[in-house]
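Peer 1: Quick one: the structure is below, and I'll ask about it shortly.
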Number of protein chains: 2
Amino acid sequence: MITTQEAKHIILQNTQNFGIEDIPFMQSAGRVLKEDIVADRDFPPFNRVAMDGIAINYSLFKNGQRKFKIEGIQPAGSKQLSMQQKDNCIEVMTGAVLPNNCDTVIRYEDVDIIDGIATINVETINDCQNIHQKGKDKKQGVVLITKNTIISPAEIGVIATVGKATIKVAKQPKVLIISTGDELVDVHETPLDYQIRRSNVYTLVSLLDKLNISSETRHIPDNKEVLKEKIDSYLQEYDALLFSGAVSKGKFDFLPEVLTELKVEKLFHKVAQRPGKPFWFGFADALDMSEKNVYQNSKNKKNTVVFAFPGNPVSTFVNCMVYFYPWYKKSVEVQENIQNAILSEDVNFKPNLTYFLQVKLSYRFGHLIATPIKGNGSGDLVSLTEADGFIEIPKTEEIEFTKGSVFPVITYRDF
Amino acid sequence: MITTQEAKHIILQNTQNFGIEDIPFMQSAGRVLKEDIVADRDFPPFNRVAMDGIAINYSLFKNGQRKFKIEGIQPAGSKQLSMQQKDNCIEVMTGAVLPNNCDTVIRYEDVDIIDGIATINVETINDCQNIHQKGKDKKQGVVLITKNTIISPAEIGVIATVGKATIKVAKQPKVLIISTGDELVDVHETPLDYQIRRSNVYTLVSLLDKLNISSETRHIPDNKEVLKEKIDSYLQEYDALLFSGAVSKGKFDFLPEVLTELKVEKLFHKVAQRPGKPFWFGFADALDMSEKNVYQNSKNKKNTVVFAFPGNPVSTFVNCMVYFYPWYKKSVEVQENIQNAILSEDVNFKPNLTYFLQVKLSYRFGHLIATPIKGNGSGDLVSLTEADGFIEIPKTEEIEFTKGSVFPVITYRDF
């Protein structure tokens, strides 16, 4: 049985390139930028007035002049004026171009205007004050946002400013989420005594939505032939298949067997962790498959990774975040940000396994505090609603983990 | 000039009720639940087998029996079997109902099966082991998720399990985002020397998207009559109007004047903060408006709040997160989660104003560390892409804020 580190290492060696697509910039929030965004002009593109007031020549103020005749108005969005007489002033509005032959702006609060004459009523002003100098923030041609940035509202503003109505982003993977298990009925159905409703596929769809991946779902009954036939066709179409269930030791857990028969290379089965141990991961190489004549129509076959998660709700949930998320992020070349949190109480855990402990998170004085949630094991999906995430307690001979220890944390809630 | 606390207090006294709507549960992630989600059955709904293996009577094992004849198989999703002979066993699969007349499950790993006889090869087993008891997690009728929860993938799973194909959530506000300023051209246009492209409206749309609010946008030229006519009609249609620009002291900053003429009650103008000082906030009461005969067709008039943010990009950005976000959250009755972060270096700030300082965030040993980003003031929208959020340094007579101090933090990136 391999460790979580080994499992993650193998998964990260099997990332994929989904390609690049052009999309309207307003649909790009949350997506991964695949080009550098460059300043098309200086930032700001002109000496920009930063306060409503009057523009003058500083040298005259310095020489004692306090009264300035108003020669005109320079509104934002109008062509640059030129001051005709050096000892006059021009009224200027925030966002306007600084008029020619002016170098300093004095805000209205520091000026009295009577009969077309502005009188400065403060004793000190600075040369060039209240002007946002051309190119001060960034020079034309400079890279403003680098490739592989995740686009947030901050980037949206910059992309708009440089006029990139469409931008290049990483394509999203084509993902299919498959449930198995004859005990499952659909959400709108009323289950019989021995049945339950399907829920893991919806949880997985929702977890992928958080990465802006729209996935599809299917259900396959616990029948080996049907399973094989369906998976065969899905392998030709999708970048990733996510299963929930049918990977344990049960009589009807055909999945590992079927995947092997379909020449999907098993890279591991079972990880030394709780919950989520019977996790199966494999890779189907398109070229390899084609040579083996597995597919009738292998021309358009994609490489496909197969994440076959155990069927318990908490197991599926944990494994999706612990393994699928980093696989996706590395595939689209995004840096993984590891958060960590401080354990609020002692925890005992005997098995020599990595322990993904459900926790409630809170901030106290800049510290992220993780308080354990006591669920009833991996089948207890309600416990997920009482928690905010998981801390990862490493596999070790130790049994006791003390209050105040720091562990990596994965959260599924936006604070 | 009021403080940020006073401003926020006034805004939170002017929240609105947007109503409730029924939506398909798979569209509900990120929305605010407006009903309690109740267990329709016990959780689990039956004594659920938690391991693949055999089910026996514990008393027989206790009395020394180790060999059990296999009487049948109980797969997941099939009707409950009854064991006919007390000293036999039944093979059981994870997720199946525990057969009648059995009370304990032994996993395959601890059993050898030869010729239809299962021999237990371990010395100790526990009574009732490997069974997830009916109702252990939750009893039928219990509230599983309370009203006003923000729905995450964890809740999606539970909602599916209890069969709520549609659920009640808070309606989202109808929001219009309006840009003014004649210096602005659209994203696909090439600006003249004294023009710049519109960006704040897109940033605001994107910031609202993070709250799952789809907003609309309009541009109005710097013309008082046009402004008045347009706003008049918008006030009848929207729950909230967000402006960016035209609220300072400029000659063409008609907005406060126009709003007053339209009987929108000014609740404040200008807040003691940097950036974002010339922020105007007001409220248009539907009933009040109707009495005053302001509107031609006031029958369907809504109450409307007006957030008129200053036009500088960083000001608009900060104010949307500092004021609009809490207004929305309180309107839909969601608890605000205040994060805080630790300042990584000394900061000097002279003006007696609340200071929203741009910071880069990182986790170190469970501590959230805020490292200041030096931008070029509120006009520098590129600086937003270099930061992750803002810390709020309170208005005080102090000038120096020391490394290690803790301040509330607002972030716009998902870690």
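Readers should treat all values here as calculations from the given coordinates under stated rules, not as data from a laboratory. Bear in mind that the values here come from a model prediction, so they are computed numbers and not experimental data. Cβ coordinates were reconstructed from backbone atoms using ideal geometry, including for glycine residues, and neighbour counts include every protein chain displayed.
Peer 1: Can you spot the lysines whose alpha carbon is less than 28 Å from B:K86's alpha carbon? Ignore those fewer than 8 places along the same chain.
Peer 2: By straight Cα distance, B:K86 reaches A:K249, A:K251, B:K62, B:K67, B:K69, B:K134, B:K136.
Peer 1: I would also like to ask the following. Which Rg and Dmax, in Å, describe the Cα atoms of the protein assembly as shown?
Peer 2: Considering the protein assembly as shown through its Cα atoms, Rg and Dmax are 31.9, 112 Å.
Peer 1: Something else: Take every DSSP beta bridge whose two residues both sit in the protein assembly as shown, then give the antiparallel share in percent to the nearest 5.
Peer 2: Taking every DSSP beta bridge within the protein assembly as shown, about 70 percent pair in antiparallel fashion.
Peer 1: On a C-alpha basis, how far is the centre of segment B:146-169 from the centre of segment A:325-344 in Å? Whole number, if you could?
Peer 2: 26 Å
Peer 1: Additional query: Please report, in whole Å, how far the alpha carbons of segment B:339-411 spread along each principal axis, starting with the longest.
Peer 2: 34, 28, 18
Peer 1: Just report the Cα centroid separation between segment B:1-71 and segment B:345-415, whole Å.
Peer 2: Their Cα centres are 38 Å away from one another.
Peer 1: How far apart, in nm, are the 7 Å Cα→Cβ label points at B:E229 and B:Q13?
Peer 2: 3.7 nm
Peer 1: Restricting to segment A:339-411, compute how many DSSP beta bridges are antiparallel as a %, nearest 5.
Peer 2: 90 percent
Peer 1: So if we plug the beta-carbon distance of B:K79 and B:K147 into 1/(1 + (r/R0)^6) with R0 = 35 Å, what FRET efficiency do we get, rounded to 0.05?
Peer 2: That gives a FRET efficiency of 0.40.
Peer 1: Given the options B:K329, B:K249, B:K270, state which has the largest fluctuation in a GNM of chain B using a 10 Å cut-off (strictly under) for Cα springs.
Peer 2: Most flexible of the set in this elastic network: B:K249.
Peer 1: Moving on to the next point. Counting pairwise Cα distances across segment B:119-190, what percent come out greater than 17 angstrom?
Peer 2: 71 percent
Peer 1: Sticking with this structure for a sec: Taking a cut-off of 19 Å between Cα atoms, list the lysines near A:K139, but don't count ones fewer than 8 places away on the same chain.
Peer 2: A:K147, A:K164, B:K374
Peer 1: Between copies, how close do the A:H219 label points come, placed 7 Å along Cα→Cβ, listed in nm from shortest?
Peer 2: 5.1
Peer 1: Okay, next question. For segment B:121-261, what is the convex hull volume of the alpha-carbon atoms per residue, in Å³?
Peer 2: Cα-based convex hull of segment B:121-261, divided per residue, equals 249 Å³.
Peer 1: List the distances, in nm to one decimal, from the label point of A:Q80 to the label points of the same position in every other copy, shortest first, placing each label point 7 Å from Cα along the Cα-to-Cβ direction.
Peer 2: Here the equivalent label points are 8.6 nm apart from this one.
Peer 1: Calculate the dipole size of segment A:243-287 relative to its Cα centre from +1 charges on Lys and Arg beta carbons and -1 charges on Asp and Glu beta carbons; express the result in debye to the nearest 20.
Peer 2: Using only the charged Cβ atoms, the result is roughly 320 debye.
Peer 1: By how many degrees, 0 to 90 and rounded to 10, does the Cα axis of helix B:200-209 deviate from the longest principal axis of chain B?
Peer 2: On a 0 to 90 degree scale, this one is about 20.
Peer 1: Rounded to the nearest 5, what % of DSSP beta bridges with both residues in chain A are antiparallel?
Peer 2: For chain A, the DSSP antiparallel bridge percentage is about 65.
Peer 1: Right, something else. Among B:R48, B:R41, A:R364, rank each residue by its count of other Cβ atoms within 10 Å, from fewest to most, as a rough exposure measure.
Peer 2: Lowest to highest Cβ neighbour count: A:R364, B:R41, B:R48.
Peer 1: Taking the Cα centre of each part, how many Å lie between segment B:242-273 and segment A:123-139?
Peer 2: Taking the Cα centre of segment A:123-139 as reference, the centre of segment B:242-273 is 26 Å away.
Peer 1: Calculate the FRET efficiency for A:K86 and A:K139 from the Cβ-Cβ distance with a Förster distance of 45 Å, rounded to the nearest 0.05.
Peer 2: Rounded to the nearest 0.05, the efficiency is 0.90.
Peer 1: Next question. Give me the compactness ratio for segment B:48-132, meaning the Cα radius of gyration over 2.2 N^0.38 Å.
Peer 2: Against the compact-globule rule of thumb, the ratio is 0.94.
Peer 1: Follow-up. So what's the angle, to the nearest 10 degrees on a 0 to 90 scale, between helix B:224-237 and the longest Cα principal axis of chain B?
Peer 2: On a 0 to 90 degree scale, this one is about 30.
Peer 1: I've got another one for you. Could you work out the Rg to Rh ratio of segment B:255-395, with Rh taken as the Kirkwood radius (inverse of the mean 1/r over all Cα pairs)?
Peer 2: That ratio equals 1.07.
Peer 1: Test of understanding: ordering B:T217, A:T119 by Cβ neighbours within 10 Å, fewest first, what list do you get?
Peer 2: In increasing order of surrounding Cβ atoms, one gets A:T119, B:T217.
Peer 1: Just tell me which aspartates and glutamates come within less than 14 Å, Cα to Cα, of A:K403; anything on the same chain fewer than 8 places away is out.
Peer 2: A:E345, A:D346
Peer 1: Please report, for A:G404, the nm distances (one decimal) from its label point, 7 Å out from Cα along the beta-carbon direction, to the equivalent points in the remaining copies, shortest first.
Peer 2: 1.8
Peer 1: What list do you get for A:I369, A:I114 if you sort them by fewest beta carbons within 10 Å?
Peer 2: Listing A:I369, A:I114 from fewest to most nearby Cβ atoms yields A:I114, A:I369.
Peer 1: Semi-axes of the equivalent ellipsoid for segment B:193-248, please: Cα gyration tensor eigenvalues, times 5, square-rooted, ordered largest first, whole Å.
Peer 2: Value: 20, 18, 8 Å, ordered largest first.
Peer 1: Something else now. For chain A, state the semi-axes of the equivalent ellipsoid (square roots of 5 times the eigenvalues of the alpha-carbon gyration tensor), sorted largest first and rounded to whole angstrom.
Peer 2: Those come to 61, 27, 18 Å.
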